[in-house]
Amino acid sequence: DDGIFDPSIGEGVYSATYSYDNGMGCIQTETIDIKVFSLDQGCELSNVALDGTASQSSSYGNSSASLAIDGNTSGTSPWIADLQHTNREDAPWWEIDLGSEYTLENSTIYNRTDQRQSQLNNFYVLVSKAPFPSSVSLDDLKNDDGISVHYFGGPAGQEETISLNAQGRYVRIQLSGNGILHMAEVEIMGCRIPTPCDGEAPIAITPSGPFLDNDGIQVLVGSPSGGVWSGA
């Protein structure tokens, strides 16, 4: 009743409703769902962006998407290639494929270190378990129930930390309107979500050719043993 929510209630989705009565017959109600995720016990948070694969909507000068995950938190120019930088366009974006799903706690964005910092402003940080569809508008992404949406309003300072508290593999940073997206570095703190294949030896088939059509019968061996064959 007092507007206080305690995430220590545990992992889950919780509903919160706020109602307002102006005393003249107008009663308005708004309900939101609040998601709470649990970090894996014993997991030490790390910058999982360093091993990811980055891309962006366009590139200006000698910049590239990978410069935002090279470990260098300062940068001044796309021409000397020390920061990520797009062309001026509608809703430019930068995104990263982390390679597997993670529980993500927060993302710290480092702005360029010269006088043009104010160009980084009014942006969204989007988190998804599935790849972001191509040729989809920002509004469509924001309305996708499978995407966690976080907004930063106004001009960014030298360093901004955005709370994520989401699970996903793909993270996108996108301006809300026309402009230039530039960042010296993006750190994403999280823990990898275990999979059923963790600790298993990689699967292999030997021999695997190539063969000539007059070679003798080949006995293929799959490892680890105990699997099922199919195909030709």
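The values are calculated or read from the model by the stated rules, or taken from the named source; none is laboratory data. Just so it is clear, the model here is predicted, and its values are computed rather than measured. Here the Cβ positions follow ideal geometry from the backbone for every residue, glycine too, while neighbour counts run over all protein chains shown. The protein model used for the area step is the full one, side chains on, heavy atoms only, and it has no ligands, DNA or RNA in it. Shrake-Rupley method; radii C 1.70, N 1.55, O 1.52, S 1.80 Å.
List, please: which pairs have Cβ atoms under 8 Å, are six or more places apart or on different chains, and start with a residue in the range 1-15 that is on the phi > 0 side of the Ramachandran plot and end with one that is at pLDDT below 85 and outside any strand (DSSP E or B)?
Between residues of the range 1-15 that are on the phi > 0 side of the Ramachandran plot and residues that are at pLDDT below 85 and outside any strand (DSSP E or B), the close pairs are 10/38.
Assess whether residue 127 counts as being without any contact (Cβ under 8 Å) to a residue 12 or more places away in the chain and either part of a strand (DSSP E or B) or among the β-branched types (Val, Ile, Thr) (or both). Can you show your working first?
Working: without any contact (Cβ under 8 Å) to a residue 12 or more places away in the chain: no; either part of a strand (DSSP E or B) or among the β-branched types (Val, Ile, Thr) (or both): yes.
Answer is no for this residue.
Give the residue, chosen from 217, 203, 193, that is open to solvent by 100 Å² or more (accessible area, probe 1.4 Å), in contact (Cβ under 8 Å) with a residue 12 or more places away in the chain and either more than 29 Å from residue 127 (Cβ to Cβ) or not charged (D, E, K, R) (or both). Break it down stepwise before answering.
Numbers: 217 fails: in contact (Cβ under 8 Å) with a residue 12 or more places away in the chain; 193 fails: open to solvent by 100 Å² or more (accessible area, probe 1.4 Å).
Exactly one residue qualifies, and that residue is 203.
Of the residues that sit in the range 61-105 and are among the aliphatic types (A, V, I, L, M) and assigned to a strand (DSSP E or B), which one is nearest to residue 191 (Cα to Cα)? First the steps, then the outcome.
Step one: list which residues in the range 61-105 are among the aliphatic types (A, V, I, L, M), which gives 65, 67-69, 80-81, 83, 91, 96, 98, 104.
Add one more test, that the residue is assigned to a strand (DSSP E or B), and what stays is 96, 98, 104.
Values: 96: 16, 98: 11, 104: 7 Å.
Ranking the candidates gives 104 first.
Every residue in the range 1-47 that is assigned to a strand (DSSP E or B), open to solvent by 80 Å² or more (accessible area, probe 1.4 Å) and at pLDDT 80 or above, please. If you could, list the steps in order and put the result at the bottom.
So the first thing to find is which residues in the range 1-47 are assigned to a strand (DSSP E or B), and the list is 12-21, 27-36, 46-47.
From what's left, open to solvent by 80 Å² or more (accessible area, probe 1.4 Å): 13, 15, 17-18, 20-21, 27-30, 32-33, 35.
Result: 13, 15, 17, 18, 20, 21, 27, 28, 29, 30, 32, 33.
With the structure loaded, tell me whether residue 58 is open to solvent by less than 60 Å² (accessible area, probe 1.4 Å) and either in a loop (DSSP other than H, G, I, E, B) or farther than 30 Å from residue 13 by Cβ (or both) or whether it fails that test. Spell out how you get there, then give the answer.
Values: open to solvent by less than 60 Å² (accessible area, probe 1.4 Å): yes; either in a loop (DSSP other than H, G, I, E, B) or farther than 30 Å from residue 13 by Cβ (or both): yes.
Against the criterion (open to solvent by less than 60 Å² (accessible area, probe 1.4 Å) and either in a loop (DSSP other than H, G, I, E, B) or farther than 30 Å from residue 13 by Cβ (or both)), residue 58 qualifies.
If a residue has to be of a type outside the set (A, V, I, L, M) and farther than 18 Å from residue 151 by Cα to count, how many in the range 95-109 make the cut? Please lay out each step first, then the result.
The initial filter retains those residues of the range 95-109 that are of a type outside the set (A, V, I, L, M), namely 95, 97, 99-103, 105-108.
If we keep only those that are farther than 18 Å from residue 151 by Cα too, we end up with 97, 99-103.
Adding up the residues that qualify gives 6.
Please specify each residue of the range 69-87 satisfying the condition of being of a type outside the set (Phe, Trp, Tyr) and free of Cβ contacts under 8 Å to residues at least 60 places away in the same chain. Talk me through it step by step, then tell me what you get.
Keep residues of the range 69-87 that are of a type outside the set (Phe, Trp, Tyr), which gives 69-78, 80-87.
Correct list: 76, 77, 80, 81.
Do you know which of the residues in the range 162-213 that are among the β-branched types (Val, Ile, Thr) and farther than 18 Å from residue 103 by Cα is modelled with the highest pLDDT? Before you say what the answer is, go through the steps one by one.
At the first step, the residues of the range 162-213 found to be among the β-branched types (Val, Ile, Thr) are 162, 171, 173, 180, 186, 188, 193, 195, 203, 205-206.
Those still in the list that are farther than 18 Å from residue 103 by Cα too: 180, 203, 205-206.
Working: 180: 95, 203: 90, 205: 88, 206: 86.
Within the range 162-213, the match that is modelled with the highest pLDDT is 180.
Please list, ordered by residue number, the strands (runs of 3 or more DSSP E) wholly in the range 170-232 having 3 or more residues that are touching a strand residue (DSSP E or B) at 6+ places or on another chain (Cβ under 6 Å) and over 30 Å from residue 119 (Cβ atoms). So that I can check it myself, show each step before the final result.
Working: elements: 185-192, 204-206, 221-223.
By residue number, 204-206, 221-223.
May I ask you to list the residues in the range 134-167 that are on the phi < 0 side of the Ramachandran plot, in a strand (DSSP E or B) and small (Gly, Ala, Ser)? Break it down stepwise before answering.
Filtering the range 134-167 for residues on the phi < 0 side of the Ramachandran plot gives 134, 136-153, 155-164, 166-167.
Right, trim to in a strand (DSSP E or B) and you get 147-153, 155, 159-164, 166-167.
Hits for the range 134-167 are 148, 153, 163, 166.
If the requirement is being of a type in the set (Asp, Glu) and open to solvent by 40 Å² or more (accessible area, probe 1.4 Å), which of these qualifies: 145, 114?
Working: 114 fails: open to solvent by 40 Å² or more (accessible area, probe 1.4 Å).
Just a single option satisfies the conditions, and that option is 145.
Do the conditions hold for residue 66, that is, is it open to solvent by 50 Å² or more (accessible area, probe 1.4 Å) and either more than 18 Å from the chain's Cα centre (by Cα) or touching a residue at least 12 places away in the same chain (Cβ under 8 Å) (or both)? Please lay out each step first, then the result.
Details: open to solvent by 50 Å² or more (accessible area, probe 1.4 Å): yes; either more than 18 Å from the chain's Cα centre (by Cα) or touching a residue at least 12 places away in the same chain (Cβ under 8 Å) (or both): yes.
Criteria met by residue 66.
Identify the residue in the range 177-218 that is of a type in the set (Gly, Ala, Ser) and within 23 Å of residue 129 (Cβ to Cβ) and, among all such residues, is nearest to the chain's Cα centre (by Cα). Outline the logic, then answer.
Let us first name the residues in the range 177-218 that are of a type in the set (Gly, Ala, Ser), namely 177, 179, 184, 190, 199, 201, 204, 208-209, 216.
Okay, now just the ones that are also within 23 Å of residue 129 (Cβ to Cβ), so 190, 199.
Working: 190: 11, 199: 25 Å.
Out of the qualifying residues, it is 190.
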